[in-house]
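Peer 1: Okay, here's the structure, questions in a sec.
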Amino acid sequence: MKTEPIKGKMPILVGLLIIVLALMWFAGRCSISHKGSIAEVYKRPGGDTVAVAIEMSPMTYTFSGDTAVGFEYEVMKAIARRHGLPVVFQPFAPLEYAFDGLHKGEFDVVIASVPSTKKISDVFLLTDNIYVDRQVLVTRRDTTADSTAIEIPAQMRLLSDTVWVAEASPAISRLRNLSHEMGDTIYIETKPGLTSEHLVILTATGEIKQAVVNEAVARRLAAQYPDLDISTPISLNQFQPWMLNKDKTALRDSLNIWIEEFKETPEYEELVSKYLK
């Protein structure tokens, strides 16, 4: 695989790591509610409590002041509240950590920005879609402002170039398919511990040239970095489900019923307006 060193990356990466660790420490200290708490030290809950691994990102789970927020976090918390479902949330950053825990039975549900694909459904149970998203290319505006920008579609300019994605991201498969469709190589770069959020920030600060992430994540961060261009789609619209261990069929079936019910409520529409529009 072609690799491109990130010049001057250490101060930023160290800073990002500190932020992530601080968020995890703070999350571990806070009780969210009796229906959705975060243990100080994660331990597989017993009884009927549902163990949910949730991705730390502006779209899924983050903090606004002292309050935990995030579209999917708030959807799950609302469903748990409505149906008396005891839930413990475990925040995570790298997807491979959550997938490994789901395989081992340490988690019952994984909530992350992962689209519904056959590859994912072959490994895990998937709920009905929570929302619809797509993958987009994230670049700085000055990297696309050249004389060929009008003549060559942005996707074509990825050929023989390097694109960063989060480790274990479904975007890897999409980029490989895109490379095959266009008949040339797109070099894919990953680094353990770098999430989609990190990649957007690294692109915005010029540490990397470009990345592919979910549009919902890119849109929320682009508001803070006006020099970012997130206008190039890499995939069609994709359903975004939650993932469950293969032996959690009953829980998946219940969640599907509750998800469809909740999507008909004004509360769901308010969350869509807050996070997706």
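Peer 1: Under a Cβ-Cβ cut-off of 10 Å, what is the net charge of the residues other than I111 that fall near it, where Lys and Arg count +1 and Asp and Glu count -1?
Peer 2: Working: positive: none; negative: E55, E72.
Cβ neighbours under 10 Å give a net charge of -2.
Peer 1: Quick one: order K277, K191 by neighbouring beta-carbon count within 10 Å, fewest to most. Working shown, then result.
Peer 2: Numbers: K277 6, K191 16.
Exposure proxy ranking, most exposed first: K277, K191.
Peer 1: Tell me the label-point distance for the pair D247, K118, using the 7 Å Cα-to-Cβ offset, in nm and rounded to one decimal.
Peer 2: 2.9 nm
Peer 1: List the extent of the Cα atoms of region 69-113 along each of their three principal axes, largest first, rounded to whole Å.
Peer 2: Principal extents (largest minus smallest coordinate, Cα): 30, 20, 12 Å.
Peer 1: For each of F239, F89, F107, count neighbouring Cβ atoms within 10 Å of the residue's Cβ, then give the residues from fewest to most.
Peer 2: Working: F239 15, F89 25, F107 28.
The order, fewest Cβ neighbours first, is F239, F89, F107.
Peer 1: Right, next: Say R0 is 41 Å: what FRET efficiency, to the nearest 0.05, do F63 and M156 get from their beta-carbon distance? Intermediate values should be presented prior to the final figure.
Peer 2: Working: r = 40 Å, r/R0 = 0.97.
For R0 = 41 Å, the calculated efficiency reads 0.55.
Peer 1: Quick one: which residues, 5+ away or cross-chain, put their amide H under 5 Å from the amide H of V213? H built at 1.01 Å from N.
Peer 2: Amide H neighbours of V213: V136, V138.
Peer 1: Provide the net charge surrounding F71, with neighbours chosen by a C-beta distance below 10 Å and charges set as Lys +1, Arg +1, Asp -1, Glu -1. List each step's numbers first, then the result.
Peer 2: Working: positive: R220, K274; negative: E72, E74.
Within the 10 Å Cβ shell, the charges total 0.
Peer 1: Sticking with this structure for a sec: What's the Kirkwood radius of region 135-233 in Å, using all Cα pairs?
Peer 2: 13.4 Å
Peer 1: Just need the relative contact order of region 135-233 here, percent rounded to a whole number, with Cα pairs under 8 Å and 6+ apart. Can you show the working numbers first?
Peer 2: Details: 152 pairs, mean separation 46.1, N = 99.
Rounded, it is 47 percent for region 135-233.
Peer 1: How would M182, M59 line up from fewest to most surrounding beta-carbon atoms within 10 angstrom?
Peer 2: M182, M59
Computed from the coordinates by the stated procedures, all read-outs in this text should not be read as laboratory data. Please read these numbers as outputs of a predicted model, since none were measured by experiment. Here Cβ is always computed from backbone atoms with ideal geometry, including for glycine, and neighbour counts include all displayed protein chains.
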